[in-house]
Structure formats: structure tokens, C-alpha cells
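Below you will find the structure I want to go over with you.
The values are calculated or read from the model by the stated rules, or taken from the named source; none is laboratory data. This is a predicted model, so every value here is computed, not measured. Using ideal geometry, Cβ is built from the backbone for each residue, glycine included, and neighbour counts are taken over all protein chains shown.
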Amino acid sequence: MSKTILVLPGDGIGPEIMAEAVKVLARVDAQRGLGYALEYDDLGGAAYDRYGSPLADGTLDRARQADAVLLGAVGGPKWDAIEPALRPERGLLKIRSQLGLFANLRPAILYPQLAEASTLKADVVAGLDVLIVRELTGGIYFGAPRGRETVDGQRRAWDTLPYSEGEIARIARVGFDAARQRGRKLCSVDKANVLASSQLWREVVEEVAKDYPDVALSHMYVDNAAMQLVRAPKQFDVIVTDNMFGDILSDQASMLTGSIGMLPSASLDANNKGMYEPSHGSAPDIAGKGIANPLATILSVAMLLRYSFGEAAAADAIEQAVGKVLDQGLRTADICSEGTQQVGTAAMGDAVVAALG
Ligand code: NAD
């Protein structure tokens, strides 16, 4: 049976970058006879305008039925003044939690052609390709009890960092599976020298490792990982870590590349069904100008094919086509430098389609 992809272009530059991603998906589909069915709906501000809610029930149902969701970005000044519960970003948080997307995959890839975009020395980051697998629905951001009180005139507050072995094992498996599809190296990041939850984390990751003898597992404390990411980031293949550590390290890693318009992301559930989106927002400052970089969304299509549909060759083809286009010297404004040719959103999408052959 053909697979269904729910496309949610969203707000701001969302529809512009999504149009290019769909072009690329259509070409790969036609070349390989994949026969995917695309459905379209609204999320965020566009959904508020159309349905009066940033995530309509019908849209959520369609997302549940689809085999994967491809999202542009949501939000913008037009909806800044509406009541908080109806803001575009609420739609995004709700769809993630309702779909049970517990694994967040954020690659930090620096194409050698863009090494100058990083704040780090080119030889440290050129060719960087790290994947951070972050646990997304547990840990300290959701743990109870949490609270705040005033005792004897002193305010105090507390949070809780709980992890069950089931939660750790399922995210560890996502990390091992991803490493298997890449360089077969997994680094588990924790703070096991101090935290009880990290000690359990390390224990469970070791147990899961027995099912993956072909993947080289290492462990690193989070403070050292933060340091190593700027000292020698190319030592990493896949990093798996908890919600808070992953939040911090994935932002750090993505900024090593210096080009937010290039970075895709995936959020997966227990069956590898996922939602795929660029790491950046809706960029209202450049919306409607035809200059947004569509490559993060195009690379999100590659992740969708790789992780939800098991089409590694098709994913490789898209990633290689993006590399080819950069080799040709084509750049959108955000990644443009001297000696390269500036192109708009649609021309960049067309160039990737052409590079696919
Ligand atoms: P942003 O990522 O939208 O923009 C930050 C800067 O990067 C801007 O200067 C923008 O022009 C530029 N930029 C982003 N993507 C680009 C691209 N593809 N090509 C070229 N330049 C690009 O972040 P922001 O300005 O903080 O937020 C704008 C809106 O997006 C807000 O409403 C925010 O809530 C929302 N947002 C949504 C998501 C999401 O949908 N996942 C994520 C972050 C922010």
C-alpha cells in the first residue's frame, strides 16, 4: 500500500520552503516509483485563521493516520497578540506530544563548501556530520514533583529528574539504530558521576548495547561532551542523551555549522513514525521575498525517507544532490559568500531537482 505524507507548510517562509521540498520529493518519488500520496493541511497561525485553533482535531486525526508528517515552520507577528492557548507554537507542541514523538534527531552537518560559515576554524568543522538523539518526552522538563515555596522568608524551588528503564531503553535503541545506518559509533552522554538518573541511564544503555555488537559504544560526561563538541566535534558520529542535556548540546552542535537554513530535524515515535521539519523558525523578516533557504526542509525530506520509510538510497541521493548544488557555487542569501552565486528559494529547489538527474 502506498504511504501517505501529511504536509503542513505552516506560516511565514513555511509555504515557500515547503514548495521546494515537495518538488524534490516528487522527483525522487518519480525516479524510484515510490508512489507516495501527499495530503495537505494547516498548522499554527494558518490553522488559527482557517479553523480558529492552531491544531484542529481533524488535522491531528490526519497526522495520526499518515505514515509521516512534513512540517515547514509556524508563528509570526500576526498572531503574537492572540491568547496564549491559541498561539501557533501551541499547535506545534500539541502535535508533538499527541503523536508521542519521544525521540528528537538533530543532525549538525557542515558541508565542506560552507566551512567559512562557522565561528570555529574551518579545519575543525569542515565535513562535520554529528547526529544528536535527544529524549523528548521525559526527564526534568516533565518530572514531578516540581514546585516552589517560601520558608522563613527564603524562596526555594525544585524540579525532579526521573527516568524509567523503559524510557531509557527505547531512546537508546533509536541511538543504536541510527548509528547502524551511519558510522556505527554511539556516544551516550550523561552525568553518572553525580546523578542517580544518569547511573541508571548508563546501566540500561549498556544492557541495550548487547543487541548491537556491531556499534561501538562509549560514554561521556555532559560537561566533557560540551567541551569536546567545540574542541574536536568530528570525533562524534551519534550522540544519545536525555532531554535537558540534549536540548543544550543540540543547540550548541547546530551553531557549530553557523547556517540555520541548512539543518533538518526529525521527531520519532516508538514505530519510527515521525514528524520532520527544519530546525529554524518561520523567519517572518524574510517571508514572501523568495529568498529563504529551502535546504533544511529538503534535507528533512531525506531524513523522512531514511528514518520512517527505510529508503536510505533515496535519502543519500537527496543529500548528495544538495552537496552538488553547493559545489556548483549556488547559495541562498543566508549562506552566500564571496565568489558564489546568490539564488532565490525556487531556483535553489530547482537546482536540487536538476542535480538529482
Ligand atoms: P527564525 O529561525 O524564524 O529566524 C531567525 C533568523 O534566521 C532570522 O533572521 C531569519 O530570517 C533567519 N532564517 C531562519 N530560517 C531561514 C531560512 N530557511 N533561510 C534564510 N534565513 C533563515 O527564529 P525567530 O526569528 O526567533 O522566530 C520567528 C518565528 O518563528 C516566531 O514566531 C517563533 O515562535 C517561530 N519559531 C518556530 C519554530 C518552528 O516552527 N519549529 C522554531 C523556532 C521559532
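Could you check the range 99-138 and list, in sequence order, the residues that are in a helix (DSSP H, G or I) and within 16 Å of the ligand (Cβ to nearest atom)? Break it down stepwise before answering.
Just the residues of the range 99-138 that are in a helix (DSSP H, G or I), to begin with: 112-117, 122-125.
Leu114, Ala117, listed by residue number.
Anything in the range 81-91 that is surrounded by 18 or more Cβ atoms within 10 Å (Cβ to Cβ) and either near the ligand (Cβ under 9 Å from one of its atoms) or hydroxyl-bearing (Ser, Thr, Tyr) (or both)? List them, or say none.
The first filter runs over the range 81-91 and keeps only residues surrounded by 18 or more Cβ atoms within 10 Å (Cβ to Cβ), leaving 87-88, 90-91.
Correct list: Arg87, Pro88.
Taking the condition touching a Gly at 6+ places or on another chain (Cβ under 9 Å), part of a helix (DSSP H, G or I), surrounded by fewer than 24 Cβ atoms within 10 Å (Cβ to Cβ) and modelled with pLDDT of 95 or more, does Lys234 pass?
Details: touching a Gly at 6+ places or on another chain (Cβ under 9 Å): yes; part of a helix (DSSP H, G or I): yes; surrounded by fewer than 24 Cβ atoms within 10 Å (Cβ to Cβ): yes; modelled with pLDDT of 95 or more: yes.
Considered against the rule, which asks whether it is touching a Gly at 6+ places or on another chain (Cβ under 9 Å), part of a helix (DSSP H, G or I), surrounded by fewer than 24 Cβ atoms within 10 Å (Cβ to Cβ) and modelled with pLDDT of 95 or more, Lys234 comes out as yes.
Of everything in the range 299-330, what is without any contact (Cβ under 8 Å) to a residue 24 or more places away in the chain and closer than 26 Å to Gly75 by Cβ? Give them in sequence order.
none
Starting from residues that are part of a helix (DSSP H, G or I) and of a type in the set (Asp, Glu), keep the ones in the range 190-209 and report whichever is farthest from Asp247 (Cα to Cα). Walk me through how you get there before you give the answer.
Filtering the range 190-209 down to residues part of a helix (DSSP H, G or I) leaves 196-209.
Filter again for of a type in the set (Asp, Glu), leaving 203, 206-207.
Details: Glu203: 22, Glu206: 23, Glu207: 25 Å.
Checking each candidate, the answer is Glu207.
Output the number of residues of the range 210-226 satisfying the condition of being under 17 Å from Tyr163 (Cβ atoms) and not in a strand (DSSP E or B). Talk me through it step by step, then tell me what you get.
So the first thing to find is which residues in the range 210-226 are under 17 Å from Tyr163 (Cβ atoms), and the list is 219, 221-222.
Filter again for not in a strand (DSSP E or B), leaving 222.
Number satisfying all stated conditions: 1.
Could you list, in sequence order, the residues of the range 106-137 that are β-branched (Val, Ile, Thr) and farther than 20 Å from Cys336 by Cβ? If you could, list the steps in order and put the result at the bottom.
Step one: list which residues in the range 106-137 are β-branched (Val, Ile, Thr), which gives 109, 119, 124-125, 130, 132-133, 137.
Answer for the range 106-137, where residues must be β-branched (Val, Ile, Thr) and farther than 20 Å from Cys336 by Cβ: Val124, Val130, Ile132, Val133, Thr137.
Still on this model: Name the single residue, out of those in the range 4-23 being in a helix (DSSP H, G or I) and away from the ligand (no atom under 15 Å from the Cβ), that is farthest from Leu70 (Cα to Cα).
Checking each candidate, the answer is Lys23.
Any chance you could count how many residues in the range 18-35 are in contact with a helix residue (DSSP H, G or I) (Cβ under 9 Å, 6 or more places away or on another chain), at negative phi and without any contact (Cβ under 8 Å) to a residue 60 or more places away in the chain?
To start, the set of residues in the range 18-35 that are in contact with a helix residue (DSSP H, G or I) (Cβ under 9 Å, 6 or more places away or on another chain) comprises 18-29, 31-32, 34-35.
Next, from what is left, pick out any that are at negative phi: 18-29, 31-32, 34.
Of the ones still in play, those that are also without any contact (Cβ under 8 Å) to a residue 60 or more places away in the chain are 22, 26, 29.
So the count comes out to 3.
I've got another one for you. Tally time: how many residues in the range 44-97 are of a type in the set (A, V, I, L, M, F, W, C) and either more than 26 Å from Ile286 (Cα to Cα) or in a helix (DSSP H, G or I) (or both)?
13
Looking only at residues that are near the ligand (Cβ under 7 Å from one of its atoms) and of a type in the set (Val, Ile, Thr) in the range 257-290, which one is nearest to Leu34 (Cα to Cα)?
First, the residues of the range 257-290 that are near the ligand (Cβ under 7 Å from one of its atoms): 260-261, 277-278, 280-286.
Filter once more, keeping what is of a type in the set (Val, Ile, Thr): 260, 286.
On the way: Ile260: 30, Ile286: 34 Å.
Only one residue tops the list, namely Ile260.
In the range 269-302, which residue that is of a type in the set (S, T, N, Q) and assigned to a loop (DSSP other than H, G, I, E, B) is farthest from Ile17 (Cα to Cα)?
Asn271
Kindly indicate whether Gly183 is surrounded by fewer than 18 Cβ atoms within 10 Å (Cβ to Cβ) and within 24 Å of the chain's Cα centre (by Cα). Before you say what the answer is, go through the steps one by one.
Values: surrounded by fewer than 18 Cβ atoms within 10 Å (Cβ to Cβ): yes; within 24 Å of the chain's Cα centre (by Cα): yes.
Considered against the rule, which asks whether it is surrounded by fewer than 18 Cβ atoms within 10 Å (Cβ to Cβ) and within 24 Å of the chain's Cα centre (by Cα), Gly183 comes out as yes.
Here are some conditions: (1) farther than 16 Å from Arg106 by Cβ; (2) within 22 Å of the chain's Cα centre (by Cα); (3) not in a helix (DSSP H, G or I). Ala172 meets all but one. Which one does it not meet?
Ala172 satisfies every listed condition except (3).
Which condition does Arg156 not pass, out of (1) buried (at least 18 other Cβ atoms within 10 Å of the Cβ); (2) more than 16 Å from Phe245 (Cα to Cα); (3) out of contact with any Leu (no Cβ under 9 Å at 6 or more places or on another chain), if it passes all the others?
For Arg156, the failing item is (1).
Further, regarding this structure: Determine the pairs where a residue that is at positive phi, located within the range 285-298, has a partner that is within 10 Å of the ligand (Cβ to nearest atom) with Cβ atoms under 7 Å apart, the partner being 6 or more residues away or on another chain.
Gly290/Glu16; Gly290/Thr345
Got a sec? Which of Gly45, Gly72, Gly12 is in contact (Cβ under 8 Å) with a residue 12 or more places away in the chain, on the phi > 0 side of the Ramachandran plot and not polar (S, T, N, Q)?
Answer to the check: Gly12.
Tally the residues that are among the acidic types (Asp, Glu), within 16 Å of the ligand (Cβ to nearest atom) and modelled with pLDDT of 95 or more, restricting the search to the range 33-80.
To start, the set of residues in the range 33-80 that are among the acidic types (Asp, Glu) comprises 39, 41-42, 49, 57, 61, 67, 80.
Add one more test, that the residue is within 16 Å of the ligand (Cβ to nearest atom), and what stays is 41-42, 49, 80.
Filter once more, so that each one left must be modelled with pLDDT of 95 or more: 41-42, 49.
So the answer is 3.
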